[in-house]
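Peer 1: Structure in structure tokens, see below.
The values are calculated or read from the model by the stated rules, or taken from the named source; none is laboratory data. Because the structure is predicted, anything quoted here is derived from the model rather than measured. Here the Cβ is made from the backbone with ideal geometry for all residues, glycine too, and neighbour counts use every protein chain on show. Please note that ligands, DNA and RNA were not included when accessible areas were found on the heavy atoms of the full protein model with its side chains. Shrake-Rupley method; radii C 1.70, N 1.55, O 1.52, S 1.80 Å.
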Amino acid sequence: MEVIVLGIGCAKCKSTVAMIERVAKDLGVKVDITKIEDRAEILQRGIAATPAVMVDGVVVHSGGIPAHEAVQAWLTPQPLELLRHPTRHLFFTGKGGVGKTSLSTAVALHLADAGKRVLLVSTDAASNLDEMLGVELQNTPVPVPGVPHLSVLNIDPDTAAESYRQRVVAQMAADSSDAELSTVREQLSGACTTEIASFDEFASLLSDADNHYDHIVFDTAPTGHTLRLLSLPKAWSGFLAGNDRGASCLGPHSGLKMQEVRFKAALDALSDPGTTTVVLVTRPDAGAIAEASRTSDELNTLGLHNQRLVVNGVFHASERSDAIAVAIAALGAQALAAMPANLLALPHDQVALRAFDTVGLPALRALLGTTQAVAPTPPTEALQPLEQGTGLDALADALAQAGKGLIMVMGKGGVGKTTIAAALAIGLVQRGKTVHLSTTDPAAHLAVTLDGAVDGLRVDRIDPVAETQRYVDKIMATKGAGLSAAEQALMLEDLRSPCTEEVAVFHAFSKVVSEARSAFVVLDTAPTGHSLLLMDATGAYHRQMVREFEGHSAGRVVTPLMRLQDPAYTRIILVTLPETTPVSQAQALQEDLRRAQIEPFAWVINKSIEAAGTRDPLLAARLQGERRQMERISRGLAKLTFVVPWKAQPPIGYEALSALVQGQRPASGQ
């Protein structure tokens, strides 16, 4: 615990320090006490009366000697406010990289340590809960070793889809032919089935009437995908309520109709503030806070009003002469000071930035401050200074040599994919190339990152709502053209299925991919889990085309998957942070891509503190972990690696993005 006593060295200041030391010794709490006596620095921190006391960066006292009871309260670790009266269902959501998995796991662990029966559920296809807890994730609850009351479950899309297919096929008549069974299985092989099957698993947890668990904690995918998941109970309930026919885009409709009661129960559970709390997780970062604000509004629209806010990774510089540390702290403070009104109105907690990675039970227990912090482990041998890799300017040079092609920027949420994609697109324009920059991310951060138009760069997004309407209009204008009004009404009703969105987005994605035949297309993809589902749709379409054209000019068929597999056509850029979890998830994504015979071109290590330089003790402790991850990547994970240093100001707008890809080039105007 970090304690700062601010004062000019008077007797009251000395008494305050002595009291804190005495109480800390009595409580068995380790504290690091720093005394600040410089008047200018005291005023700079906003202190008007001394002695003042700050605990873990928060001012807890100002003026006079504090009471003994007050000091005891400061030094006694307290859990988050949200843990005082937790509802049965706790949903953790937020922008990628804000720490949803760490916080949701730490909360589940705290509840289990208190004797509650807890199920921790991941709805993220790119979850790293297995690494954090040291247990293999399955589609059924798995006990966590060392935590008697905690089990963990991962809603695996592929496993859920196969289970769903088996249930639907089992309902078919006993005399169904092999051809009929094959047709049904084929109808249930696409991304639509994967989504509804995953949601079916999700709904079963929400509508569980047995109350086998006291609490179910959901670690969700990044915001865009999670909003899609939380909107499905209302979407599917509405669709099923008005559709009692025998078929849909998922094949036999009975497979959905039999779940209608469950979907309704899930919607009721989500909407009940006594049952469900949505925990919006953010960091002291303007972009993450803005997304949390938008998410809060959208959740209210869906009827999910019981919300809380947790600001994770709050940092206070202890080394005031360290420009990097001071800049990081100042940016955080500015972002928190400008927090939107809808978030300020929510009950909220803050969690300090820790010097350790949240991997393993001791670290997870320490994250919430309910136990002594885990001290960073000093390296057993001195790590050699990292040889910095080349920057984005060299990557832009390498990509420009091809003259055209698809550049897909992929990675875990929060690693900076959008920034890297926008910078590379600008770098290619500066190198005289024709470039189309687009995104598949429902959260759509491109406009904020670019902050204005760029000459020579075409920018758009694959908007799920707009693409769905475009797809519906096209189907009605073609296949529905010769139908009667009643038949058109039935077709339109079928197209109201939430699965239509997945089909429409895939068609838009395929069109964007094909544009790279004659120009550069830079695609800022959704966070890993959502992108993998899009890859599944691409694979399903490829298999369908191969079957349909088998023996009939199959050699001339070129599918989107074939283009992604062609290294001369597609360059995959994996973006990560120099931290354990993002690197592990980038490695897992690379393995998934390789199973689909898609080989990544290069890795970008973003926001490197090592490359920026710092002396702050907390950041220096984190630096040891960064170096280990750098070495891990260099030992064979990546064929090509490019490093981007942490920036005191987020790279937003043309000038800042240009600086990332210009290197030693003279600055060029728009």
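Peer 1: Using +1 on the beta carbon of Lys and Arg, -1 on that of Asp and Glu, and nothing else charged, what's the dipole of segment 1-123 about the Cα centre, debye to 20?
Peer 2: 380 debye
Peer 1: log₁₀ I(q)/I(0) of segment 446-519 at q = 0.13, 0.15, 0.25 Å⁻¹, via Debye over equal Cα point scatterers, no solvent, to two decimals?
Peer 2: -0.54, -0.66, -1.13
Peer 1: Hey, got the dipole for segment 386-527? About the Cα centre, +1 on K and R Cβ, -1 on D and E Cβ, debye to the nearest 20?
Peer 2: Values: 13 positive and 17 negative charges, 73 e Å.
Here segment 386-527 has a charge dipole of around 360 debye.
Peer 1: Sequence neighbours fewer than 8 away in the same chain don't count; with that in mind, list the lysines whose C-alpha is under 16 Å from residue 417.
Peer 2: 95, 607, 647
Peer 1: So, one more: Would you kindly calculate the mean projected area, averaged across all directions, of the convex hull enclosing the Cα atoms of segment 53-146, in square nanometres?
Peer 2: Seen from a random direction, the Cα hull of segment 53-146 projects 8.6 nm² on average.
Peer 1: Can you give the local net charge around residue 62? Use residues other than it whose beta-carbon is closer than 14 angstrom to its beta-carbon, Lys and Arg +1, Asp and Glu -1. Provide the component values of the computation, followed by the final result.
Peer 2: Details: positive: 12, 45; negative: none.
With Lys, Arg at +1 and Asp, Glu at -1, the net is +2.
Peer 1: Something else: Checking the cross-link filter: which lysines have an alpha carbon closer than 16 Å to that of residue 14, excluding same-chain neighbours under 8 positions apart?
Peer 2: Leaving aside lysines fewer than 8 places away in the same chain, those within reach of residue 14 are 35.
Peer 1: What is the sum of charges around residue 84, taking Lys and Arg as +1, Asp and Glu as -1, for the other residues whose C-beta is under 13 Å from the C-beta of residue 84?
Peer 2: Here the charged neighbours net out to -1.
Peer 1: Could I ask something else about it? Ignoring everything but the protein chains, give the 1.4 Å probe accessible area of residue 459 in square angstrom, nearest 10.
Peer 2: The accessible area comes out at roughly 70 Å².
Peer 1: List the equivalent ellipsoid semi-axes of segment 394-453 in whole Å, largest first, each obtained as the square root of 5λ for an eigenvalue λ of the Cα gyration tensor.
Peer 2: Values: eigenvalues 81, 34, 20 Å².
Computed over segment 394-453, the values are 20, 13, 10 Å.
Peer 1: Could you tell me the distance between the Cα centroids of segment 1-73 and segment 296-318, to the nearest Å?
Peer 2: With segment 1-73 and segment 296-318 each reduced to a Cα centre, they are spaced 30 Å.
Peer 1: Right, something else. Nearest 0.05, what FRET efficiency do residue 485 and residue 60 give at R0 = 51 Å with Cβ-Cβ as r?
Peer 2: Calculated transfer efficiency: 0.15.
Peer 1: Highest mean first, what order results for 306-317, 575-586, 62-73 on Cβ atoms within 10 Å? It would help to have the intermediate numbers written out before the result.
Peer 2: Working: 306-317: 21.8, 575-586: 24.0, 62-73: 14.7.
The peptides rank, most packed first, as 575-586, 306-317, 62-73.
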